[in-house]
1. Express the Stokes-Einstein translational diffusion coefficient of the chain in µm² s⁻¹, to the nearest whole number, given a Kirkwood radius over alpha-carbon pairs, 4 °C and a viscosity of 1.567 mPa s.
2. Beyond a 26 Å Cα-Cα separation, which of these cross-linked pairs lie in this structure: Lys535/Lys786; Lys203/Lys285; Lys9/Lys433; Lys203/Lys294; Lys185/Lys294?
3. Name the long-range amide H neighbours of Cys696: under 5 Å, sequence gap of 5 or more, or other chain; modelled H, no Pro or chain starts.
4. Give me a comma-separated list of calculated 3J(HN,Hα) values for region 175-184, in order, Karplus coefficients 6.51, -1.76, 1.60 applied at θ = phi - 60°, integers in Hz, x for any Gly or Pro.
5. Amide H to amide H under 5 Å from Trp240: which residues, 5+ apart in sequence or cross-chain, H placed 1.01 Å off N in plane?
6. Evaluate the Kirkwood expression for the hydrodynamic radius of region 230-333, namely the inverse of the mean inverse distance over all pairs of different C-alpha atoms, and round to one decimal in Å.
7. Spin-label point model (7 Å from Cα, Cβ direction): what's the Asn234 to Gln320 distance in nm?
8. Describe numerically, in nm with one decimal, the distance between label points set 7 Å from Cα along Cα→Cβ at Phe494 and at Arg219.
Amino acid sequence: MRYGQFDDKRREYVINRPDTPLPWINYLGCEAYFGIISNTAGGYSFYRDARLRRLTRYRYNNAPFDFGGRYIYLRDRANGDFWSPTWQPTRRPVERYSCRHGMGYTIIGSTFAGIRAEVLYFVPLGQNLEIWQLSVTNEREEPVSLSAFSSVEFCLWDAWDDATNFQRNFSTGQVEVEQGVIYHKTEYRERRNHFAYFACSEKPTGFDTQRDVFLGPYRGWEAPAAVERGSSFNSIAYGWAPIGSHQVDLTLHPKETRNVIFLLGYHENPQDEKFDPPQSQTINKRTVRPVIEKYLAKPNADAAFTELKDHWNRLLGVLQVDTPSIDTDRMVNIWNAYQCMVTFNMSRSASFYESGIGRGMGFRDSNQDLLGFVHMIPERARERIVDLAATQLATGGAFHQYQTLTKRGNNDIGSGFNDDPLWLILGTAAYIKESGDWSILDEMVPYENQAGTETPLYDHLQRCIRYTLERLGPHELPLIGRADWNDCLNLNCFSDTPGQSFQTTTNKDGKVAESVFIGGLFVLAAKELADLAYKRGLEQECLCYVAAAEKMEATVLEHGWDGEWFLRAYDDFGHKLGSAENEEGKIFIEPQGICILAGIGQRDGRAAKALAAVRERLATPHGIVLQQPAFSRYYLHLGEISSYPPGYKENAGIFCHTNPWIMIAEAMSGNGDEALDYYLRINPSARESISEVHRCEPYVYPQMIAGRDAPTHGEAKNSWLSGTAAWNYAAITQWILGIRPEYEGLRIDPVIPRSWSGFRATRQFRGNSYAIEVRNTQGVCRGVKKIVVDGVEVPGNLVPLADSAGRTIQVEVDLEG
Ligand code: BGC
Ligand code: NOJ
């Protein structure tokens, strides 16, 4: 069953009933000011950091699920009837409801008693504000007199403190209201130089800023007292809960449409120009007024919306494909690329499943996310790599995450995840392959953000490798530390106390438990660094990395192979995990994926065996589960992985992030049918028709789909912020379609289903646009017979770099068996 449909032309998903199984959300903003918005206008906004600069409040994990938002009420002044065009918060039944989630904007509209209303929400490029453009049309035969009430609830900036420290916060809230603009200035008088504002393009007939006056005692947002009685109270908040609400009265002739713009924004003043007059406590509005005026004017708001659309056309235009599979085209051309940009901005911080107060930018996460966005915004990828590397520890290790506002690493989820540093090499290599910018390796970057510790980025990468080599265990495999990619495989934790964090508790000295996964990852990273060293003219060093990779490969083959598949780990007792000899957790997906990606077992048939085992033991129609058999009880020595009920999350859920590793492994093995089959099993668009089972948004990947051991097999959770986005993008574009940026050119090595007669793609790369046509007349999966570039045949399957830029280059590719 579907709850809407794709509108690919407009790059929108159109939801046509408000009661989706879960809130189906979208993101506003792509630079510094951001918002999350659901299909019923729920969500919140923040400047840069969802925890430290939160503008509006949100009620997490509420009933109804999604509560707190950008709500508008309309009231018919003749009979007092009122409703919300976005359905929430009144939830009065509306007609012709639709929510169009697009690239950086959302339009929600409906009709109630002959009144059509639609709200467009977006953040103009380069601005720290959001526009809500309300248009109301009177579809009745007679004139109508309406009042519109806007509403936001301000958060007192630090969202964590806001949600916990009431004894203080109930006394700190402050606002100013001037010419209809509501200014939220809590703590502005002391250590803040920023404030929020909420403005309206019409002269309001009233306003409210104190929540409990607007709502009335013992009332909720469904029926605010001000709306019910039809006039605002003009309340001024002192302490308690500051809100912003305007009342705008509109009279519309039959068929008339009126537009009203509301602006919610963030503004900073220089420290010494905070007040006007300087000795007062009144906000200096000199620099904010022109911004407000500009965007309250409809032509300017319209122009900003056009600019936003152009921006997304440019970004998505870097790669567009035309294949026989609509689900592939739609995800590659629109939604998967868009989701990758969202993970670039948010990492794992703010979604409807991440509160925005718990986590910053993940070290391993952001490095992997890079794979999905580097081609669209290489300059920002560069900045991200440098920011990440600057939080690296001098040991080569990493803080697990850092806060965007401060760019400092923190230990909230611990550190000592021994895979973390290796991802920095993969991220950096991906950046150089895309951009050709070798200068990044010479960029001076500090350790732990300490001035005076700067070394070239290349030195950071060397330390990443050393970090692993200095932490090998009894089998010479890498020690796992707190965990590897699988945060929940906590082999040194042994936690038996409620409330302990599995990620920060360590009861073992960590000298025994080893990870085969990190072994595979090390081989992959060491090979990448060997290439970088070679290109820098460091041949000796290159050979050292090659030798280190070979040695680790031999170790993995000797101690990390179980007979039919790769082992997962050795636990703190030195016992195998992910082996046929285990009762539960016999086979895990991660080492099968990463070891094959690293090239291990390709020559001797072990890769093929491992892939067969995955197909036989882990694959389900809804995707590939993380391991089998699921852990049916808690194992003290395995940690959080066994704390989840079977089938959920890391305990045998379909942890989507890992599935593309298998798709890539299949592609590397030449199995185009298998690769695309796995791709489509978790492709959200391909699952749209089972939305009642899948339940999350059909336009973005979730982190997890319940595995075969779960009673809700097939149900997705934790949509949007997941490495799944970047890895699926890499799997389909670079390995299945096979268009792969490399140092010396664009590799074209498709591994597609036999049934595909070919596909087309346009790819911008190093200043040129490549128009690629792949023809598969022989019905094969793989094998480039001939590549013709602008009429000239080139050897092999690498399209070499062009010697001039700004051109469109025609690339014709013929496949053979
Ligand atoms: C989750 C993991 C997550 C970890 C760190 C665990 O509870 O299952 O997916 O990576 O927490 O936040
Ligand atoms: C989510 C985390 O953000 C990611 O870093 C980790 O690899 C996966 N969970 C698996 O545990």
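Read-outs: derived from the displayed coordinates by stated rules, not from any lab. No experiment lies behind these values; they were computed from the predicted model shown. All Cβ positions, even for glycine, are placed from backbone atoms using ideal geometry, and neighbour counts span all protein chains on display.
1. Once the numbers are plugged in, D ends up at 46 µm²/s.
2. Pairs exceeding the cut-off: Lys535/Lys786; Lys9/Lys433.
3. Residues meeting the criterion, in which the H sits 1.01 Å from N, are Ala716.
4. Using θ = phi - 60°, the values come out as 9, 10, 10, 9, 6, x, 9, 9, 9, 9 Hz.
5. Ser171, Thr172, Gly173
6. When all Cα pairs of region 230-333 are included, the Kirkwood radius is 19.1 Å.
7. Distance between label points: 5.5 nm.
8. According to this spin-label approximation, the distance is 6.0 nm.
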